[in-house]
Structures are given as structure tokens and as C-alpha cells.
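**Student:** Encoded as C-alpha cells, here's the structure I'll be asking about.
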Amino acid sequence: WITPKTVAFCLCIFYVLSLIPLLWIAWYNYPSADDYSIGSDCHQVWMATHNVFAVIWQGIVRSAEDWLHWMGYFTSNFLMAIPPSTFGERWYVLTTWIMVGMLSFSTIYLFHGIFVRLFHADRYVSLSAAILVLIASVQCMCPQGRVEAFYWYSGAANYVFVHSLSLLFYGLLIASVFDKGKKRIWDVVVACLIGFLTGGGNQMTALNVAVILLAVTGIIIWQKRWKKYGILRIPMCFFYSGFFLNVAAPGNWVRAQGANGMSPVKAVLVSFYECLDRMMGEWTVWPVIVIMIALVPLFWHMAEHTDFRFPCPLLAVGGGFCLVSAMVTPSVFAVGNMEAGRLQALCYLMYVLVLALSVGYVTGWARKKQEKAGTDGIS
């Protein structure tokens, strides 16, 4: 009776039950700081008109003003301008539900794309792996990070929500390659929209996505596979358009005048140290280690159904470390540290995701090596 479906069902039940305390606490949540200052314009429009479309338009206006005079991440500016408390303080409870729900959905969707679409694995095994990663992401996050990641709307919308958008974007890119007909058109259109919004989100996530897309482009060119993956050019262009608008915003220079950051070279070097220090001291706690061990048999099972050989595992793991370090770089460059809880939460979420995928890559490599050794022994 222990089947992939049963295991996935039990893990889903466990994950939902583990969320009950977090969601229950949300009933006592209330707005603070930027929720009032950034969200005041939309709240006043709502009180005057009770028109949702007028509120949305005011959010766009506020986003454009911030793009010109404060910060370039127009997607985050728009999201922060319309907190749930815009429609009444009691609605602020939705903050935690929105962030946890978006993170959960995007992680499951991405894992389905990677393991079911790319590697032809069982969908229930993929779901089990995604749920374990979500347990590590939500329940093992440091308390300071969890507060600003799930309970403070302005910080969560800027970082956790945009991070979730990036995961959806990756999943849609995979879907646009494998789907056919009208479904592919739908995938590409939605990927273009999500990609543009991700490019206009917080610059830590946007930089990471830019690096990953460059790496993917390099691999496709090296393998001469544009005939199969050429459809990806369209959503990639939309992402980079949003990213360019983000980094080229006049408001970035305004805010930079009051910041005390580092030189670019020093910021990169410090990012590697900062990432390694937090990996060893704060992020790799024993529950995370146990969850990563639990992922091994799932990845071992999934590797059976793919012809991919998982070459150069050390290079893949090293690339993952560089990717998490790159997530640290923008904050170190801009303000000289990443002490804010929302920044720690974002980097931790990326670390858990990259760590899980690295464990999967190494496990797949080990399985293929064993299969090759068994084949050679028989022959």
C-alpha cells in the first residue's frame, strides 16, 4: 500500500497541517511601516470611490512615480502600493495566505516541469519532492526571515511573491517547449507577462533570473538546439525588457545617493563569503539535512526514467553555489549588508531550492554511474 500516490498524499496532509499555526497567527497580523506610507494613496482612493479599477490605476500611478523618483522595481512598487489593508485593516490577514499559497503553487509547478516534463518522472514522486522542499523552505526558515517573508506585506510582496513569480516563469518556459498547439501559445503569452513582471521585481531575483537565462542560452547555443528551444526567445526578450527598465530607472540613482554600499568587485567577493557563512551557520540546520536525505530515494527513483547522464556534478553543484551567492550581491553592493529579514528569507528560499536540485543532480549522476557499471559488468 506504500505507493508514490500514498506518499504524496500523506506529505501534502502533513504540510497543510504544519501551516495551520502560521495561518492562525496571521489573524493577529496588522500593517506596519511601508504598508501605511506606500499603500496610503490606494487606500484613500478606495475609501473615496470603492472602485477596484480606480485602486489598480492608482497603484500603477504610484509605481510610475516610484520608478522615476525612488526605485526601479516597478512590479514590486505596484504590488506594495496595494496591500490587503487597502480594503480594510481586517483584510491584512490575507498577507500570509497569499505568500504561502503563491510559494507553494510555484514550487510544485516548477518541480512538475523539471521532473515530469523534462525527466519523465512520476508526477506523485515529483509532488513529494516539492512538498519536502516546501517544508524545509517554510518551516526551517529563521524567525526573523519568516516574519518579514510571510507577515509583513511590503517586504513579502517585494521578495517572496516576486521569487514565486520567477519559479512560475521557469515552469512556463519548460511548458512552452513541450506543449503543442493552442496550449503552447497560452504558455508563451503567460510566460511573456510573468517574465516581464519578474524582470521588474526586486533586483536580487531579477539578477538571478538574468544569470540563469544567460546560462541556458549558452548551453542551447553550445549544443545547437535552437530549433527545439527557439520558442524561448520570445519570453526571454520580455524578461530582459523588464529587467532593463528596472536597472535603468532614474529612481535607482536617487535612492543610491543615500546608501552606503561596496564596490562591484568587493561586493562579489563578499557575497561568496556571506553565502558560505550563512550556509554553514544558519541555513543548513539538522531538519534541512534530514529533508535532503529524504529526497535522495525520490530522486533516485526519478533518475530511472530519463536518458540524461547528469555530467559534471561538481560543476553543477559549484554553479548552484555561485547562483545563491549572486542572490546576495545586489544587497551587499547597494547597502553593504543583508541583515534585513526579508533579504535573508529570499536568499534562504533560493538556497533550499538550489540545494535540493543539487542533491537531485548528484543522485541522478550516481544512479547513472551505477547503471553503467552494471551494464559493463554484464557485457
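**Student:** Under 30 Å between alpha carbons, and skipping anything fewer than 8 positions from Lys372 in its own chain: which lysines qualify?
**Tutor:** Within reach: Lys5, Lys224, Lys228.
**Student:** If you fit an axis through the alpha-carbon atoms of helix 313-335 and take the longest principal axis of the Cα set of the chain, what angle between them do you get, 0 to 90°, nearest 10?
**Tutor:** Taking the Cα atoms of the chain, the angle to 313-335 is about 10 degrees.
**Student:** From zero up to wherever the largest Cα-Cα distance of the stretch 19-112 sits, split into 5 Å bins and tell me the percent of pairs in each.
**Tutor:** Once binned at 5 Å, the Cα pair distances of the stretch 19-112 give 3, 14, 19, 19, 18, 15, 9, 3, 0.
**Student:** Still on this model: Counting only C-alpha contacts under 8 Å and six or more residues apart, can you give the relative contact order of the stretch 250-370 as a whole percent?
**Tutor:** Values: 92 pairs, mean separation 54.2, N = 121.
Rounded, it is 45 percent for the stretch 250-370.
**Student:** Moving to a separate point now. So what's the Cα pair-distance distribution over the chain, bin width 20 Å, in %?
**Tutor:** For the chain, the binned pair fractions read 26, 59, 14, 1 percent.
**Student:** Give the dimensionless ratio obtained when the Cα radius of gyration of the stretch 1-159 is divided by 2.2 N^0.38 Å.
**Tutor:** Numbers: Rg = 18.6 Å, N = 159, 2.2 N^0.38 = 15.1 Å.
Output field value: 1.23.
**Student:** Compute the orientation-averaged projected area for the stretch 274-332 from the convex hull of its Cα atoms and round it to one decimal in nm². List each step's numbers first, then the result.
**Tutor:** Numbers: hull surface 20.9 nm².
Mean shadow area of the hull around the Cα atoms is 5.2 nm².
**Student:** Moving to a separate point now. Around Ala81, under 11 Å between beta carbons, what's the net of Lys plus Arg minus Asp minus Glu among the other residues? Don't jump to the answer; show the numbers that get you there.
**Tutor:** Numbers: positive: Arg62; negative: Asp34, Asp35, Asp41, Glu65, Asp66.
The answer is -4.
**Student:** Of Thr107, Thr217, Thr86, which is the most mobile in a GNM of the chain whose springs link Cα atoms less than 10 angstrom apart?
**Tutor:** In this elastic network of the chain, the residue with the biggest mean-square fluctuation among Thr107, Thr217, Thr86 is Thr217.
**Student:** To continue, here is another question. Which residue, Trp46, Ile98, Thr86, has the largest displacement toward the positive end of the dipole of the stretch 1-98 when charges sit on each Cβ (Lys, Arg +1; Asp, Glu -1)?
**Tutor:** My answer, from the dipole projection, is Ile98.
**Student:** Taking Cα atoms, how many degrees apart are the long axis of helix 162-178 and the longest axis of the chain, rounded to 10 and kept between 0 and 90?
**Tutor:** Between helix and principal axis, roughly 50 degrees.
**Student:** From the mean inverse distance of alpha carbon pairs (Kirkwood) and the Cα radius of gyration, derive Rg over Rh for the stretch 87-194.
**Tutor:** Details: Rg = 15.6 Å, Rh = 15.0 Å.
In the stretch 87-194, Rg relative to Rh is 1.04.
**Student:** Let me ask you something else. Return the ratio Rg/(2.2 N^0.38 Å) for the stretch 248-374, where Rg is computed over Cα atoms only. Numbers along the way, then the final one.
**Tutor:** Working: Rg = 18.3 Å, N = 127, 2.2 N^0.38 = 13.9 Å.
Scaled against compact globular proteins, the figure is 1.32.
**Student:** Between helix 4-25 and the chain, what is the angle of the helix's C-alpha long axis to the longest principal axis, kept within 0 to 90° and rounded to the nearest 10?
**Tutor:** 20
**Student:** Next question. Do you know the relative contact order of the chain, to the nearest whole percent, from alpha carbon pairs under 8 angstrom that are 6+ apart?
**Tutor:** On the way: 530 pairs, mean separation 78.5, N = 379.
This gives 21 percent for the chain.
**Student:** Can you tell me the Rg and the Dmax, both Å, for the Cα atoms in the stretch 144-274?
**Tutor:** Taking only Cα atoms of the stretch 144-274, I get Rg and Dmax of 16.9, 51 Å.
**Student:** Once you treat every alpha carbon in the stretch 177-248 as an equal point and sum by Debye, what is log10 I(q)/I(0) at q = 0.13 Å⁻¹?
**Tutor:** Per q value, in the given order, log10 I(q)/I(0) is -0.39.
Each reported figure results from applying straightforward, stated rules to the coordinates on display, with no laboratory input. Not measured: the values here are computed from a predicted model. Using ideal geometry, Cβ is built from the backbone for each residue, glycine included, and neighbour counts are taken over all protein chains shown.
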